[in-house]
């Protein structure tokens, strides 16, 4: 894992202007991503500078140093990620006469591009990657991001100056950086709690979207094309559903996952896995143990607050599988101590509060290993989120009711506070005792008021309605508003899964894990997001994903071959913190400072009266606005950190 950054300015070619120092500043901003080695490559004649920082994982020798120049001298690469399918390609290239300096995957990718071209190369690459490539012959720069968006890459163009980097802070380090807040992006952030791709919090600065290639001719304008289209993949999978009985489908999934896991155990440094004791992480760890490559090291964290502590579940799975297990119990104070660093870690407003335990888990893990496998992606691929069941079951019934009746039901639900709903949920069967039950009931109530299923997903993922908190503001109309998505995915479950795959997964889940892990120089690998697994999952019939009250049904069948059912069967809990209580208690002064009405009015981004009303009601226990408040707090903490510097 690494950090990449660079610039290209065709109009400035031939002038040095201390370019090496500029590249070094961009490089230094990403030091946390690659503390083991660094390199800079400058071509003043072309006006280009490339910078790289290396976290050495495969081929720890100087032969893996970047920026790397191809053997024929034509291409220069900076590359962040890991490709697990390079060995057969290395052999083929050697048959063609290629000579390799080392055994890194970087060199294979580079020589494959030289031999076969970019399109043919990305086609065989299994893994996670963000690549910057300079073609010295054609004077063309190319950016590539992996199929699922596991690795990040940002870009901007200010006049003739093109910038790119693994994180926004690398672009900020260039003297040509021209920051300006994008109010449209702020509105989108307040709705979704993250800034959705391709946007960033800044005007004219973008995330390269998953599965995309950006091509920039020297002196020209960038062109972006998809080399792997999740929508086309999903539609093709649904048109070719898998045949076979339950056992055959379980066998196929297990074999595919075994291969994905084995590939991601490739490393020349110590390796382990995150283990929560849930279905996804337990499946990954079980397959690691069955790979016969030694005892797996596993890591989990617990909290000193029992209702948020899942560590005993992880410990039970670890004991059964015989892993070398490490566990850290953190106090509430230790968790809160992470908050001041969040704006620097995430670079732009980001309000998934599980960013805190994810960082703590990464920090614990990095003390023992350099690479950790993670179970992310299972919920999106195998329909594991509670909202899938909830939305499908609720909408199936209520869609038959007149809107006036639905509105009356919604009024009845909201007449009971979320806290009372949560207390009452204790009498329900265990599969229905969702975490934060009261908040979910109020979400159901608000969903009852929407006119049609086409708007349901957008409603379920909405935090703030921008019209409420940013009067008069517009927001980008991305896939959440795309009517053609409903046409391509008429089934509600499939539509929700697809939208999660292309929005929530890369822009929230994978962003959270990348920044939290790389902040402590830990490489996180995600076997469930092997693109072959994704393509397989879209071919599964619905009864293989949800059967009765069981979500992720087929994935569970694989797990049950290795771990007894009773060790992992429990209500889905999530990776949360007692945020609402912290805001009312030990974080109250911090909240009062950031949400000061005059301060918010001066910033001019959100309506201070609306925000203060939510804060007053939350503080008084009238309503639970923890997530709405966290959105604004992370926006204001980011603004205070970055816009004063």
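Just one of the listed residues (526, 520, 534) is touching a residue at least 60 places away in the same chain (Cβ under 8 Å), surrounded by fewer than 19 Cβ atoms within 10 Å (Cβ to Cβ) and under 30 Å from residue 300 (Cβ atoms), namely 520.
Selection of region 263-278 for residues being within 22 Å of residue 311 (Cβ to Cβ) and touching a helix residue (DSSP H, G or I) at 6+ places or on another chain (Cβ under 8 Å) yields 272, 273, 274, 275, 276, 277, 278.
Within region 115-137, which residues are surrounded by fewer than 17 Cβ atoms within 10 Å (Cβ to Cβ), under 23 Å from residue 162 (Cβ atoms) and touching a residue at least 24 places away in the same chain (Cβ under 8 Å)? Selection gives 119, 137.
Residues of region 488-499 that are in contact (Cβ under 8 Å) with a residue 60 or more places away in the chain and surrounded by fewer than 22 Cβ atoms within 10 Å (Cβ to Cβ): 488, 489, 492, 493, 494. Tell me whether region 321-343 contains one or more residues that are assigned to a helix (DSSP H, G or I), under 23 Å from residue 551 (Cβ atoms) and modelled with pLDDT of 95 or more. Yes, region 321-343 has at least one match. May I ask you to verify whether residue 24 is out of contact with any strand residue (DSSP E or B) (no Cβ under 6 Å at 6 or more places or on another chain), part of a loop (DSSP other than H, G, I, E, B), farther than 24 Å from residue 513 by Cβ and in the same structural domain as residue 171 (by TED's automatic domain parsing)? Against the criterion (out of contact with any strand residue (DSSP E or B) (no Cβ under 6 Å at 6 or more places or on another chain), part of a loop (DSSP other than H, G, I, E, B), farther than 24 Å from residue 513 by Cβ and in the same structural domain as residue 171 (by TED's automatic domain parsing)), residue 24 does not qualify. On inspection, residue 66 qualifies as in contact with a strand residue (DSSP E or B) (Cβ under 6 Å, 6 or more places away or on another chain) and part of a loop (DSSP other than H, G, I, E, B). The residues of region 298-311 that are surrounded by 13 or more Cβ atoms within 10 Å (Cβ to Cβ) and either touching a helix residue (DSSP H, G or I) at 6+ places or on another chain (Cβ under 7 Å) or outside any strand (DSSP E or B) (or both), listed by number, are 298, 299, 300, 301, 302, 304, 305, 308, 309, 310, 311.
Conditions tested, residue by residue: (1) in the same structural domain as residue 531 (by TED's automatic domain parsing); (2) part of a helix (DSSP H, G or I).
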| position | (1), (2) |
| --- | --- |
| 348 | yes, no |
| 358 | yes, yes |
| 363 | yes, yes |
| 368 | yes, no |
| 376 | yes, no |
| 390 | no, yes |
| 395 | no, yes |
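Among the residues of region 464-474, those that are surrounded by 19 or more Cβ atoms within 10 Å (Cβ to Cβ) and part of a loop (DSSP other than H, G, I, E, B) comprise 464, 470. For residue 353, the criteria (1) outside any helix (DSSP H, G or I); (2) within 13 Å of the chain's Cα centre (by Cα) hold in every case but one, which is (2). If we scan region 518-533, do we find a residue that is assigned to a helix (DSSP H, G or I), out of contact with any helix residue (DSSP H, G or I) (no Cβ under 7 Å at 6 or more places or on another chain), within 30 Å of residue 578 (Cα to Cα) and in the same structural domain as residue 280 (by TED's automatic domain parsing)? Checking region 518-533: at least one residue is assigned to a helix (DSSP H, G or I), out of contact with any helix residue (DSSP H, G or I) (no Cβ under 7 Å at 6 or more places or on another chain), within 30 Å of residue 578 (Cα to Cα) and in the same structural domain as residue 280 (by TED's automatic domain parsing). Looking across 81, 102, 64, 39, one residue alone is within 33 Å of the chain's Cα centre (by Cα), in contact (Cβ under 8 Å) with a residue 40 or more places away in the chain, surrounded by fewer than 21 Cβ atoms within 10 Å (Cβ to Cβ) and closer than 30 Å to residue 369 by Cα. It is 102. In summary, strands (runs of 3 or more DSSP E) completely within region 183-235 and bearing 1 or more residues that are surrounded by fewer than 22 Cβ atoms within 10 Å (Cβ to Cβ), assigned by TED's automatic domain parsing to the domain that holds residue 142 and more than 19 Å from the chain's Cα centre (by Cα) occur at 212-217, 223-226.
The values are calculated or read from the model by the stated rules, or taken from the named source; none is laboratory data. What you see is a predicted model, and the numbers here were worked out from it, not measured in a lab. Please note: Cβ atoms are built from the backbone with ideal geometry, for glycine as well, and neighbour counts cover all protein chains shown.
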